[in-house]
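Worksheet for the structure shown next.
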Amino acid sequence: MSIESVLIIGGGLSGFTTAKELRERGFAGMLSIIDPEGMPYDRPPLSKDYLAGSKDATGIALAPASWYEENHVTIVTGTVAALDPDAGTATLKDGRVLAADRLVLATGGKARRLSIPGGDLPGVLELRTKNDADRLRSLLAPGVRLAIVGAGLIGAETASSARGFGAEVTLVDPVEIPLVPVIGEVLATRLHAMHAEHQVRTVTGIPEEITHDARGYRLALSTGETIEADVVLVGIGITAATELAEAAGLDTDNGVLVDERGATSHPRVFAVGDSARTRLADGTLLRRAEHWEHAMNAGSSAAAAILEQDLPVHGASWFWSDRHGVHVEGVGSMHGEGEHIVRMLDGVPIAAFRLDEAGLMLGAAAIDGGLTVRAARRIIDRLIKVDALALADPATPLKKLAR
Ligand SMILES: Cc1cc2nc3c(=O)[nH]c(=O)nc-3n(C[C@H](O)[C@H](O)[C@H](O)COP(=O)(O)OP(=O)(O)OC[C@H]3O[C@@H](n4cnc5c(N)ncnc54)[C@H](O)[C@@H]3O)c2cc1C
């Protein structure tokens, strides 16, 4: 059957990339993106430049308005309430019904809420949308007490940006050193220590209750400590937005289940980005990725699959994060067994690597070491065996080992 129309539900990076790639790959049919927020924008700046105010809404748009006109991509502002995969229709909350030959679910994730008393108080904020960032920014000022629950990537970035407003930031996390599984213990320890250097107070504990009165918020922790704050932000990860898929009878399991092409259990429906989870042909379920580059790659694979073209080849998974003036990158997986090697410079850890028994690299991470991570990715993708001593030696450029 020739595909004459594609409807993309969700205008985040994965939905936008699906549309862009469809056009770049020659698709000339009808192409629409539905999103309650209208024009697609990029999320990483929401905790960085956009929150800080150094980028505005135009600066985070994924494409200018003219791009949609030139490429005949229709933006439908609205929320899809139900899908009928057999009929190829999406029914919007306002009653409109849109139909297409292929439907792409790119619904992303919802910020996870704290399931404790007071966790749903209206003033307890999250950071997932432009509106969330606007609201948070409007509350930040010198001396404002900001408590952030969750010292992962978004919590730490927000703490750093909030210091730029002179806010008094307390960062609460159940683990003493967050992000160890993501970048390894040594780099995670260095990064976490940077909070104190930038006057962010870090507290280890589990919030058990949030209350609010005229003096502000009070977070009661499992340790018995109480944190007082004017603003509370929760950054404890996301849950995949799978409701539409579930109600439509698609296979889901902590994500809409897809194969490597992005195809769901219904032949008319694809799913991409943070909302999708890959199930390999042998039934293995991969961990659901929640990173920018993955969302982009998933969009380009689904576009190729919809057009029945060869799938693009993507390298090992990659992410970045910025905080307190440093840039962090990671590739592959730093979590699990294997030999963990740390590269030090002048007594400071700058990169870490994980090797398997055969000397093959499984993961790498670096602070202000983009070139190192780029070379590490090549080493991982090309299955190049590397020497542990050379990896630890800061005088050996990783590029040399990637040849
Ligand atoms: C604050 C922040 C900072 C980040 N920083 C980094 C970073 O530094 N590095 C990194 O690698 N990654 C980062 N990420 C993660 C990255 O932004 C995400 O992985 C990426 O945005 C996922 O894209 P997506 O298209 O799958 O989902 P999303 O960007 O969540 O887009 C999903 C879209 O679907 C829409 N939608 C949902 N339900 C419906 C419906 N029923 N009908 C219509 N539309 C619907 C939503 O409105 C939303 O616009 C960050 C994320 C956030 C929130």
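Taking only protein heavy atoms and a 1.4 Å probe, the accessible area of region 266-329 is 52% carbon and sulfur. In the context of the full set of protein chains, residues of the chain present 46 Å² of accessible surface per residue (probe radius 1.4 Å, heavy atoms only). Which GluC sites (Glu not before Pro) in region 245-325 sit in a loop by DSSP (not H, G, I, E or B) and have at most 16 other Cβ atoms within 10 Å of their own Cβ? Counting only loop positions with at most 16 other Cβ atoms within 10 Å, the GluC sites (Glu not before Pro) in region 245-325 are Glu260, Glu308.
Stretched out straight at 0.36 nm per residue, the stretch from Ala358 to Asp282 would grow longer than its current Cα-Cα span by 24.9 nm.
For the chain, adding -39500 (n - 2.57) for each run of n ≥ 4 DSSP H residues and dividing by the number of residues yields -7000 deg cm²/dmol at 222 nm. For Lys48, a cut-off of 16 angstrom between C-alpha atoms picks up these aspartates and glutamates, skipping any fewer than 8 places away in its own chain: Asp56, Glu126, Asp132, Asp134, Glu157, Asp322, Glu329. Ligands, DNA and RNA left out, the 1.4 Å accessible surface of region 124-234 is 51% carbon and sulfur atoms. Could you tell me whether region 325-401 comes out rounded, prolate or oblate from its Cα gyration tensor? Rule is a ≥ b ≥ c as square roots of the eigenvalues, rounded for a/c under 1.5, then prolate if a/b exceeds b/c, otherwise oblate. Verdict is rounded for region 325-401.
Note on Lys55: lysines with a C-alpha under 28 Å away, same-chain residues under 8 apart excluded, are Lys20, Lys110, Lys130. Kirkwood radius for region 160-255, taken over all pairs of different Cα atoms as the inverse mean of 1/r, rounds to 16.0 Å. Restriction of the GluC sites (Glu not before Pro) in region 22-123 to DSSP coil positions whose beta-carbon has at most 16 other beta-carbons within 10 angstrom yields Glu37. Between region 213-258 and region 92-109, what is the separation of their alpha carbon centroids in Å? Result: 25 Å between the Cα centres.
For region 317-403, GluC sites (Glu not before Pro) meeting the loop criterion (DSSP other than H, G, I, E, B) and having at most 15 other Cβ atoms within 10 Å: Glu337, Glu357.
Taking a cut-off of 30 Å, what percent of all Cα-Cα pairs in the chain are separated by more than that?
47 percent
Dividing the convex hull volume of the alpha carbon atoms of region 1-129 by its residue count gives 132 Å³ per residue.
The values are calculated or read from the model by the stated rules, or taken from the named source; none is laboratory data. A quick note: this is a predicted structure, and the numbers were derived from the prediction, not measured. Positions of Cβ are backbone-derived with ideal geometry, glycine not excepted, and every protein chain shown enters the neighbour counts. To get the accessible areas, we keep the full protein, side chains included, count just its heavy atoms, and leave off ligands, DNA and RNA. Shrake-Rupley method; radii C 1.70, N 1.55, O 1.52, S 1.80 Å.
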